[in-house]
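A short worksheet on the structure shown next.
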Amino acid sequence: MTKLSKITVAKVLVTLLNLGMLALSCVYFKDLPRVVLLCAIVLFASLGVTVPSINEKAHETIYKFFILTSIFAALLLLCYVALDASGWLYKFKDMDALLTFVRSTKQWGILVYIGLVIFEVIFLPIPSAIIALLGTVLYGPTYAFIFMTVGTLAGSVITFLLGKIFGRKLAVWVIGEEKTDKFSELLNEKGKFLFAVMMLFPFFPDDIICLVAGITTMSFKYFFTTITLTRPVMIAFMCYFGSGTIIPFHGWGIPVWLAIFAVVIILFFVVNKVKKKLMSKKENVGRKRRTRQ
C-alpha cells in the first residue's frame, strides 16, 4: 500500500469515527444540558468535515493535531458511555462520593490511579500537576508520591521502548522532523548530562524527550538510572508542596509562593537560554561536518 493510499484510508476511518461519535453523542447527551450536546455536535461535526479536507503535505502539523484530537475525543466519549452503561457515572457527580468510592476499591483504586499516570505520560492529555493533586487528595502526599513515581517511571520506560521499537518514524510523526533531529542530536553521546537536566526540571517536554531518547544511542541502563534519580524530584515537589501541607496557600505562605514562582520563572529563562545555545552549537557542528563531506 502506497503512502497516499494509507493517508486516504486513515482519513476515511477517522471521518467515519467522528460521524459515529456524532451519532453516539446525540443518543447519550440528549438528557444533559443543551450546551453539552451542542458542543459535542459542533466538535465531532467539525472534525468530520475538517480531517478529510486538510492537505496533509502542506499542513502536516495541523493534520496530525486533528487526527489526535479525533481519537482522544472519541476515547473520552466511549469512556463516558462505558461509565454510564455500568452505572458508575453517578459516582463522579459528587466529589465526596468519588473519594469514598476510590478508597473503598483499595488496591484496585491504586492500580487505576497508577494506570492513569502511565496514560498521562504516554499520551500527554492531562497536566501532571492535576494528576499529582488528585493523588494527594485521594491518598495523601506520601502515597501519592509513591504511586505517581511508579506510574511515571513505567510510562517513561514504555515511551522509551516505543522509540526503540518503532524508531525515528514514530518520533517524527509525533513531534515533527525538525524537533526530532534537534533533540536526538542533543541526546546522543555528548548529551547525557543534558538529558538528566531535562528530566530534573519541568521546563522541557520530558515525556517527548523519553521517546526521542529511544531512537538515540542511549543505553536502557543509563536511561532508567537517570529517570529513577531525577523524575521523582519534581513529583515530590508537586505532591508535598502542592498539597499546601509544607507551605500553606494563605498567610505567610503567600509571599513564599510568590518568591518560588519568581525563581521558577528565572530558572526557566536561564535553562531555555542554555538549551538554545546547545542546540545552535549542535547545528553549527552538523553544518561543518556536512561542508567537509
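The values are calculated or read from the model by the stated rules, or taken from the named source; none is laboratory data. Because the structure is a prediction, the values reported are computed rather than measured. Virtual Cβ from ideal backbone geometry, glycine too; neighbours counted across all protein chains shown.
Some observations on this one:
- Pick from the range 75-114, criterion at pLDDT 75 or above and among the small types (Gly, Ala, Ser), ranking: nearest to Leu138 (Cα to Cα): Gly109
- Residue that is out of contact with any helix residue (DSSP H, G or I) (no Cβ under 9 Å at 6 or more places or on another chain) and of a type in the set (D, E, K, R), where the choices are Lys179, Lys169: Lys169
Yes or no, residue by residue, for (1) modelled with pLDDT under 75; (2) more than 19 Å from Asp84 (Cα to Cα):
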residue: Val12; (1), (2): no, yes
residue: Leu17; (1), (2): no, yes
residue: Leu24; (1), (2): no, no
residue: Arg34; (1), (2): yes, no
residue: Ala40; (1), (2): no, no
residue: Ile54; (1), (2): no, yes
residue: Lys57; (1), (2): yes, yes
residue: Ile67; (1), (2): no, yes
residue: Ala73; (1), (2): no, no
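- Restricting the range 47-68 to residues that are polar (S, T, N, Q), over 23 Å from the mean Cα position of the chain (by Cα) and part of a helix (DSSP H, G or I), the residue that is farthest from Ser25 (Cα to Cα) is Ser53.
- Cβ-Cβ under 8 Å pairs, at least 6 apart or on other chains, the range 23-35 side assigned by TED's automatic domain parsing to the domain that holds Ala85, far side surrounded by 10 or more Cβ atoms within 10 Å (Cβ to Cβ) and of a type in the set (Val, Ile, Thr): Leu24/Val81; Ser25/Ile41; Cys26/Ile41; Tyr28/Val81; Phe29/Val36
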